[in-house]
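> Pasting a structure below so you can have a look.
The values are calculated or read from the model by the stated rules, or taken from the named source; none is laboratory data. None of these values were measured; they are calculated from a predicted model. Here the Cβ is made from the backbone with ideal geometry for all residues, glycine too, and neighbour counts use every protein chain on show. With ligands, DNA and RNA removed, areas are computed over all heavy atoms of the protein, side chains included. Shrake-Rupley method; radii C 1.70, N 1.55, O 1.52, S 1.80 Å.
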Amino acid sequence: MIELEQVSFRYQNEASHVFENLNLTIEQGEWVAIVGRNGSGKSTLAKLLNGLCLATSGVVRVNHTVITSESKHQVRTQIGMVFQNPENQFVGTTVADDVAFGLENLAVPRDTMIKRIDQSLEQVDMTAYKNHEPSRLSGGQKQRVALASVLAMQPEVIVLDEATSMLDPIGKEQVLSIIQELHEQLDVTVIMVTHDLNEAALADRVITLNEGTVWFDGKPREFLEKGDQLHEVGLEPPFVTKVYQQLSRQSITVTQEPLHYEELVDELWRLYLKT
Amino acid sequence: MKQSFILGQYIPRDSFIHRLDPRTKIISLILFVITMFVIDRLFIYSLLYGFVLGCVLLSTIPITYLIKGLKPVWWLVVITFIFHVLFQRDGEALFDVFGFIIYDQGFIQGGEIASRLLLMIVMATLLTLTTPPLAITDAMRWFLAPLTRLGLPINELAIMMAISLRLIPTMTEEMDKISKAQAARGLDYTRGRLRDRLKALLPLLIPLFISAFKRAEALAMAMEARGYQGADHRTSYRQIAFRTMDYIIVCLMTTATVSIYLMTG
Ligand SMILES: Nc1ncnc2c1ncn2[C@@H]1O[C@H](COP(=O)(O)OP(=O)(O)OP(=O)(O)O)[C@@H](O)[C@H]1O
Ligand SMILES: [Mg+2]
């Protein structure tokens, strides 16, 4: 469980706060999407969760441990983080070495390490690339290795900061389906920062940040119902939502607001069959 | 660059030499160099040539590849030899070429020094051709480990080495990208006077440095997020292991070195 209580944060030598008195609770096993315009503090929030940034005032608690400069190392064993740029988080000289890096830091014995490396590469379907150098991998493959590196450490929470934003649709799809699987099978908490509202619609809960405050916190469907209001916080409603809103404007009602293309197509068929 | 000079490159194979522990190879190289410097008998040089040739054959790396890859070295060796032949003033005079008197010692010493240079470079190249850079780093860390007691940050150095090795291809790619981007803006650093060319390099180097710093910062954050707290108290995934063959080779090499030394007295 992650709790933020009256958290304020300001970068050193900066005049203004990124957050002031922020309160937020994320339960174990939730899948949360964090959206918001550039500079709204999404990455900063992510970094507050594993002690890469420490709250200027207020407390951040992970499983009841308050994050301080002493406890942050212990907290990092429970929270894994995948960043945006695949190139800038590949530490090892080969895939296996990269997955090993986190385990070496935790001083995991070597035989356990070998097992966990194989297992986590299996989970992201990268076993065949075990001894490849990063220069021989695509961006999507590197990102899957980054995910494997995090999985090998067996965290309870995985934070993804725009982890799919540099990938093509297929790479994105692969990473997302792996996350979905992990979320369902291992009950890990997933916190996913994203600019893609279609991606955010996959989550159980959407948190929208705007100017350092929580502008919206709730179910994806309620979030998309905001429609044109999303423009206020610098977000573009997805195509599916726009179609739904156009329909509503024409006084054509459907059973529920569609979240993605399949639901929209279902609704349209239903309408077609009714007429 | 890549094809023209091969010192420092690694060619993955599964040969006898490839399979040896990197420490065995480094120790052997050092013993070999010591031998080369203590002896001064011609027939032992033929032994050394035989040894090097044997190593090259065992490594399964094509000799033509070595010959082509070490082209600049051949020139150095030949020039060293000619220089000695022309300017050595000891021993018996043999003949006279355009006023240069050629002595027999010129041939002998020139041959010795050129041979030393040649054999040493071929052996060093063979070490890097048959050993992954990371394994060399691991071996160096093992050799230097006693120095950690004196407070030297050997483990940190090893991690730095490993990360640098990892970043070389990334940076090369980046350099390529930047140089194309600047060429598209009309920059040309291949022509003109040396000073102009050096000046034209600046617009390449500055973006490269900036991006390297940004990358370093991001990488540091990613390392920290994965629990990195300094290079001590970590376990190690990669392992270098001495096998029976390694013990045999080290013993043989030591015996050979010592006996050659005693023989030549
Ligand atoms: N290292 C830093 N030093 C100083 N200020 C920073 C630093 N990183 C971010 N900021 C500032 O903090 C604010 C929030 O930045 P943050 O990176 O959290 O936004 P974000 O929501 O992740 O944006 P993006 O969508 O572009 O990734 C911005 O105003 C930014 O300028
Ligand atoms: Mg960000």
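> Kindly indicate the residue of the range A:6-22 that is open to solvent by less than 80 Å² (accessible area, probe 1.4 Å) and touching a residue at least 60 places away in the same chain (Cβ under 8 Å) and also nearest to ligand 2 (Cβ to nearest atom) among those meeting that condition.
Filtering the range A:6-22 for residues that are open to solvent by less than 80 Å² (accessible area, probe 1.4 Å) and touching a residue at least 60 places away in the same chain (Cβ under 8 Å), the one nearest to ligand 2 (Cβ to nearest atom) comes out as A:18.
> A further question on this structure: Give me the pairs: first residue in the range B:124-139 and more than 10 Å from chain A (Cβ to nearest Cβ) and under 18 Å from residue B:57 (Cβ atoms), second residue assigned to a helix (DSSP H, G or I) and of a type in the set (Ser, Thr, Tyr), beta-carbon distance under 9 Å, and six or more apart or on different chains, which are they?
Final answer for the pair search is B:127/B:28; B:129/B:65.
> Give me the pairs: first residue in the range A:113-130 and within 18 Å of residue B:236 (Cα to Cα), second residue open to solvent by 50 Å² or more (accessible area, probe 1.4 Å) and in a helix (DSSP H, G or I), beta-carbon distance under 9 Å, and six or more apart or on different chains, which are they?
Close Cβ pairs (under 9 Å, with a partner that is open to solvent by 50 Å² or more (accessible area, probe 1.4 Å) and in a helix (DSSP H, G or I)) amount to A:118/A:127; A:130/A:118.
> Now for a different question. Which ones in the range A:118-140 are assigned to a helix (DSSP H, G or I) and within 14 Å of another protein chain (Cβ to nearest Cβ)?
Let us first name the residues in the range A:118-140 that are assigned to a helix (DSSP H, G or I), namely A:118-123, A:127-129, A:134-136, A:139-140.
Within the range A:118-140, A:118, A:120, A:121, A:134, A:135, A:136, A:139 meet the criteria.
> Another question, then. Among the residues of the range A:141-175, what is the count of those that are in a loop (DSSP other than H, G, I, E, B) and either surrounded by 15 or more Cβ atoms within 10 Å (Cβ to Cβ) or within 16 Å of ligand 1 (Cβ to nearest atom) (or both)? Give the derivation first.
Here is the first cut: in the range A:141-175, the ones in a loop (DSSP other than H, G, I, E, B) are A:153-156, A:162-168.
From the residues that got through so far, the ones that are either surrounded by 15 or more Cβ atoms within 10 Å (Cβ to Cβ) or within 16 Å of ligand 1 (Cβ to nearest atom) (or both) too are A:153-156, A:162-167.
Matching residues across the range A:141-175 total 10.
> From the list A:59, A:91, which residue is hydrophobic (A, V, I, L, M, F, W, C), more than 16 Å from ligand 1 (Cβ to nearest atom) and exposed (fewer than 15 other Cβ atoms within 10 Å of the Cβ)? Outline the logic, then answer.
On the way: A:91 fails: exposed (fewer than 15 other Cβ atoms within 10 Å of the Cβ).
After applying the criteria, what remains is A:59.
> Also: Give me the residue from the range A:24-76 that is part of a strand (DSSP E or B) and within 12 Å of ligand 2 (Cβ to nearest atom) and, out of that set, farthest from the other protein chains (Cβ to nearest Cβ).
Our first condition is that a residue be part of a strand (DSSP E or B); within the range A:24-76, this holds for A:24-26, A:31-35, A:57-62, A:65-66.
Now restrict to residues that are within 12 Å of ligand 2 (Cβ to nearest atom): A:34-35.
Details: A:34: 17, A:35: 22 Å.
Going through the qualifying residues, I end up with A:35.
> Limited to the range A:77-95, what total is found for residues that are within 7 Å of chain B (Cβ to nearest Cβ) and part of a helix (DSSP H, G or I)?
3
> Follow-up question, since we're still on this one. Residues in the range B:49-75 that are on the phi < 0 side of the Ramachandran plot, surrounded by 14 or more Cβ atoms within 10 Å (Cβ to Cβ) and modelled with pLDDT of 90 or more: how many?
8
> Going residue by residue through the range B:182-205, is there one that turns out to be surrounded by 13 or more Cβ atoms within 10 Å (Cβ to Cβ) and within 30 Å of residue B:131 (Cβ to Cβ)?
The answer is no, given that none of the residues of the range B:182-205 is surrounded by 13 or more Cβ atoms within 10 Å (Cβ to Cβ) and within 30 Å of residue B:131 (Cβ to Cβ).
> Can you pull out every residue in the range A:147-166 that is touching a residue at least 40 places away in the same chain (Cβ under 8 Å), in contact with a helix residue (DSSP H, G or I) (Cβ under 8 Å, 6 or more places away or on another chain) and away from ligand 2 (no atom under 16 Å from the Cβ)?
Hits for the range A:147-166 are A:147, A:148, A:149, A:150, A:151, A:152, A:153, A:157, A:158.
> Let me ask something else. Which is away from every other protein chain (no Cβ under 12 Å), farther than 30 Å from residue A:116 by Cβ and among the small types (Gly, Ala, Ser), of B:212, B:184? Working first, answer last.
Working: B:212 fails: away from every other protein chain (no Cβ under 12 Å).
Only one candidate passes the filter, namely B:184.
> A further question on this structure: Is it true that some residue in the range B:220-232 is part of a helix (DSSP H, G or I), away from every other protein chain (no Cβ under 14 Å) and free of Cβ contacts under 8 Å to residues at least 12 places away in the same chain? Give the derivation first.
To start, the set of residues in the range B:220-232 that are part of a helix (DSSP H, G or I) comprises B:220-225.
Keeping just the survivors that are away from every other protein chain (no Cβ under 14 Å) gives none.
No, the conditions are met nowhere in the range B:220-232.
> Residue A:204: touching a Phe, Trp or Tyr at 6+ places or on another chain (Cβ under 9 Å) and either open to solvent by 60 Å² or more (accessible area, probe 1.4 Å) or under 22 Å from residue B:163 (Cα atoms) (or both), yes or no? Explain how you work it out, then say what you get.
Details: touching a Phe, Trp or Tyr at 6+ places or on another chain (Cβ under 9 Å): yes; either open to solvent by 60 Å² or more (accessible area, probe 1.4 Å) or under 22 Å from residue B:163 (Cα atoms) (or both): yes.
So residue A:204 fits the description; yes.
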